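Everything below concerns the one structure shown next.
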Amino acid sequence: MSKVLQVRVDDKLKAAADEVFSSIGLDTSSAVRMFLTATVERRGLPFEPKGHVAAIELFDGHGSYICGYGHLHDFSKVNPGDLGGVSGPYESMEALKAALDD
């Protein structure tokens with residue numbers, strides 16, 4: 001027996017999610033079923049919930065930064081709102097740690 005699950009989400013969020021799912025060959029219902037299945041199999045969320053993350057500029061001469069998830073990106077394309085008030089460049093690891101602690 002199947003049950004109907006209704007979830008209220010913002011129209012913009014729904015449209016954006018639909019677009020992402022469509023680009024990978026899924027509809028939203030299938031993606032939600034996959035999420036629920038993965039949650040049951042893991043007996044928890046299938047991802048680690050995180051708060052706002054900061055980006056850290058690197059002194060690599062290429063304008064790169066590492067996001068809070070550890071991925072390397074082109075700093076010229078960073079969204080300033082994603083910086084969380086913490087951005088480089090930093091002269092030392094101690095300076096970075098002090099900025100993160102503030």
Convert 10 °C to kelvin, take the viscosity as 1.306 mPa s, use the Kirkwood radius over C-alpha pairs of the range 1-53 as Rh, and evaluate the Stokes-Einstein diffusion coefficient in µm²/s, rounded to a whole number.
124
What is the gain in length, in nm to one decimal, between Ala17 and Glu94 on full extension, counting 0.36 nm per residue of separation less the C-alpha to C-alpha distance?
23.8 nm
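Taken together, the values in this text are just the output of simple stated rules run on the coordinates, not laboratory data. Values in this document were obtained by computation on a predicted structure and should not be read as measured data.
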